[in-house]
1. Highest mean first, how do 91-99, 161-169, 137-145, 189-197 rank when packing is the count of other Cβ atoms within 10 Å averaged over residues?
2. Please say if the stretch 139-285 is rounded, prolate or oblate, where rounded means a/c under 1.5 for a ≥ b ≥ c the square roots of the C-alpha gyration tensor eigenvalues, and otherwise the choice is prolate for a/b larger than b/c and oblate otherwise?
3. Hey, what do the phi angles of the stretch 175-180 turn into as Karplus ³J(HN,Hα) couplings, whole Hz, using 6.51/-1.76/1.60 and θ = phi - 60°, x for Gly and Pro?
4. From the phi of every residue in the stretch 145-150, what ³J(HN,Hα) in whole Hz does the Karplus formula 6.51 cos²θ - 1.76 cosθ + 1.60 yield, where θ is phi - 60° and glycine or proline is x?
5. GNM, the chain, Cα, under 10 Å: largest mean-square fluctuation among 264, 234, 248?
6. For Rg/Rh (Cα atoms, Kirkwood Rh), the listed values are [x] 1.04; [y] 0.99; [z] 1.12; which was obtained by calculation from the structure presented?
7. Need one word for the stretch 156-211: rounded, prolate or oblate. Basis is the Cα gyration tensor (sqrt eigenvalues a ≥ b ≥ c); a/c below 1.5 gives rounded, then a/b vs b/c decides.
8. For helix 251-267, what angle does its Cα long axis make with the longest principal axis of the chain, in degrees from 0 to 90 and rounded to 10?
Amino acid sequence: YSHRLKIATEDRKVDAKPISLSKVNKLKNIDKKRITLATHLIVCNKNESKEIYKWCKLVKSISQKEYIIPLVIPQKTAEIFNLYKKTEGNNNKINIAWWGLASYLHGFDFIFSEFENIFSTNSRVRLNIFEISKSRLEKIINLASKNISPEHFERINFSSNLNMKNGLREWLIDNCHLSLGPLGFTTQGLATLSNKVIESWEMQIPVVTQKSLPISNLKIENLVIPINAPKKGYLSNAIQSFIQEFDYKSPKLLKMTNDAHHYYKLNHSPTSFSKKLNKVLDDIK
């Protein structure tokens, strides 16, 4: 936990809350004690494990056993959806959505600068931003107004009324063609696998996101649309390519969502978590 706060302190920008270094160091000492005393350690992925030991300036004990149990998202989608049916009730619009808690991790300045180009070249695209905090949403709106021209601004839907417990999930399944994962290219973001990416896999929504280390290390390719760097044209070109494949009803996109949903069930579902945790508990006995 202290490792994440330390990285957040290094990465923070104007839209992130300041973090006290004294708090970070206090928690760091607690983490060091926990890791030193632990005989068994559970981590989300190998990269986070390396970063934690490096941050705490500890050498991994040979006798200490380490287990990887990935991030878990509740499974609510049992049926397989047809991505291409979503345009039927949307007047042929392409809905792209971001949802969650806004922070420096998500790269809104990069997103909006790229969407100005997307809006200019494709009149069907709509961007939907869902943030339950009205104060954070106001900051996003202000940032958008600096990057999006007035003629395109009305094509962005800003909402604080929907969340995963109150209609957002249903809206995404029925209307969202493409989701936006983290695109901030921060140290923390590149070291972790975002829960928004996993939520997209669970809901069978194609997702475009930064190519983090966990994404690069996936055993199955093409589960996401990867962006290698926050450079001009990278995101807009990827979205334009997605729209072309979508319009041609490419089987590649259906395979992506089906494979991603299957990968989710094997690695990030409550069932997979229970199996992995039981193996750890059996090993401890």
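1. 189-197, 91-99, 137-145, 161-169
2. prolate
3. My calculation for the stretch 175-180 gives 10, 7, 8, 8, 9, 9 Hz in order.
4. Along the stretch 145-150, the couplings run 5, 7, 10, 9, 5, x Hz.
5. Of the options given, 248 has the highest mean-square fluctuation.
6. [y]
7. prolate
8. Once rounded, one gets 30 degrees.
Each reported figure results from applying straightforward, stated rules to the coordinates on display, with no laboratory input. Keep in mind the model is a prediction, meaning the values are calculated, not measured. Here the Cβ is made from the backbone with ideal geometry for all residues, glycine too, and neighbour counts use every protein chain on show.
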